Amino acid sequence: MNYRTFGKTGYRVSEISLGTWQLGSRWGDPFSEEVAQQTLQAAVDNGINMFDTADIYQDGNSEQAIGRFLKAHPDKEIFVVTKMGRDLNPHVAEGYNEENLRRFVLRSLKNQQREALDLTLLHCPPTPVFSNKEVFRCLDQMKAEGLIRHYGVSIEKVEEGLAALEHDISAIEVIFNMFRMKPAEELFRKCAEKNVGIIVRVPLASGLLTGKYTDQTTFGPQDHRTFNRNGESFDKGETFSGVDYATGIRVAQQLKEELHTENLANTALRWILMHPEVSVIIPGASRPEQIVANVKASELPALTDDEMAIVKRIYDEEIRPSVHHLW
């Protein structure tokens, strides 16, 4: 495993870490504490030292499982990223007020059994929140009180990240992959200038970039890949990175063929690591063996200039027209 400095936090994080949206089970399946703990243990055993979670993941079970793991392994130095705000109903900008923000932080502290949160992110709030100085004043105050060590934002659109960089954030979490290249144009450079860490989520476009899906592949009824393809429940870009499913299948096969790879998933992760501004990638895992598969990307040789050019050409021809301008 290779490690990178996580922006102004100064922390050295495993460049492949763990996203825990599916910790303990696949989407919609019953949560398993045993599987969750086995998955977290597998992550640590393979050199991972960052867990990314949220207060709503697995109805709070993700944060709580992480808290139990940390308590059982006090010798392990794990950096935990959590997110807050998505359980607001309705999810509106006005809900991001001091009362709610404090409530979210205190709940995550309780879930994780900790005295301070390593890093908390606003969880893809409505766009006006990123320009609301009062929201960030409240975060600064909780930081001064020692409730949080660092804060940042998780974003849907590049413009939201650029607005957030006007505040004293430590990190931005953003979708970036072979099917979503826009963040590399301006956002990455601005983050580097301000020493803001970049967390890459949805690195495999909800599985499309494994190259294993076909038009016959089915997903569970509670899986967002079944019910959110057109943004019925949340931002469309979170599901398959906003790419039309049939197009994604076809282009993934094209990438496999032109890059001469049978393991498109690891190649796709290694492609992200070719961008030095990226601090960490957080592919998800619902079972331990997926951890082992993901971390192998850290050991791969760098992509060649020709391979990078192939990915860029295919994106420009097949993906950019329908995706690039939206996020």
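Annotations for the structure displayed:
- Conditions (1) open to solvent by 30 Å² or more (accessible area, probe 1.4 Å); (2) outside any loop (DSSP other than H, G, I, E, B); number of the one not met by Tyr315: (1)
- Test result for Phe104, crowded, with 18+ Cβ neighbours inside 10 Å, closer than 28 Å to Asn132 by Cα and either out of contact with any strand residue (DSSP E or B) (no Cβ under 9 Å at 6 or more places or on another chain) or in contact (Cβ under 8 Å) with a residue 12 or more places away in the chain (or both): yes
- The set of residues in region 9-44 being part of a helix (DSSP H, G or I), touching a residue at least 40 places away in the same chain (Cβ under 8 Å) and open to solvent by 50 Å² or more (accessible area, probe 1.4 Å) consists of Gln38, Gln41.
- So Val135, is it buried (at least 18 other Cβ atoms within 10 Å of the Cβ) and in a strand (DSSP E or B): no
- Hits in region 275-301 (condition: assigned to a loop (DSSP other than H, G, I, E, B) and open to solvent by less than 60 Å² (accessible area, probe 1.4 Å)): His275, Val278, Ser279, Ile282, Pro283, Ala285, Ser286
- Residues of region 146-159 classified as open to solvent by 10 Å² or more (accessible area, probe 1.4 Å) and either within 26 Å of Ala116 (Cβ to Cβ) or part of a helix (DSSP H, G or I) (or both), total: 6
- Number of positions in region 65-101 that are closer than 21 Å to Glu156 by Cβ, of a type in the set (A, V, I, L, M, F, W, C) and open to solvent by 40 Å² or more (accessible area, probe 1.4 Å): 1
- In region 131-160, the residues that are modelled with pLDDT of 95 or more form Cβ pairs under 9 Å with partners that are surrounded by fewer than 19 Cβ atoms within 10 Å (Cβ to Cβ) and of a type in the set (Val, Ile, Thr), at six or more places apart or across chains, as follows: Glu156/Thr127; Lys157/Thr127; Glu159/Thr127; Glu160/Thr127.
- Selection over region 221-233 of residues that are in a loop (DSSP other than H, G, I, E, B), surrounded by 13 or more Cβ atoms within 10 Å (Cβ to Cβ) and either in contact with an Asp or Glu (Cβ under 8 Å, 6 or more places away or on another chain) or touching a residue at least 60 places away in the same chain (Cβ under 8 Å) (or both) gives a count of 2.
- Candidate set from region 58-85 (those that are touching a Gly at 6+ places or on another chain (Cβ under 9 Å) and assigned to a helix (DSSP H, G or I)); member that is nearest to Gln222 (Cα to Cα): Gln58
- Boolean, Val295 is among the β-branched types (Val, Ile, Thr), within 30 Å of Ser170 (Cβ to Cβ) and touching a helix residue (DSSP H, G or I) at 6+ places or on another chain (Cβ under 7 Å): no
- Qualifying residue in region 254-266 (condition: touching a Phe, Trp or Tyr at 6+ places or on another chain (Cβ under 7 Å) and either part of a helix (DSSP H, G or I) or under 15 Å from Ala205 (Cα atoms) (or both)): no
The values are calculated or read from the model by the stated rules, or taken from the named source; none is laboratory data. Being a predicted model, the structure only gives us computed values, none of them experimental. Glycine gets a Cβ as well: all are built from the backbone with ideal geometry, and neighbour counts include every protein chain shown. SASA here: full protein model, heavy atoms, side chains in, ligands and nucleic acids out. Shrake-Rupley method; radii C 1.70, N 1.55, O 1.52, S 1.80 Å.
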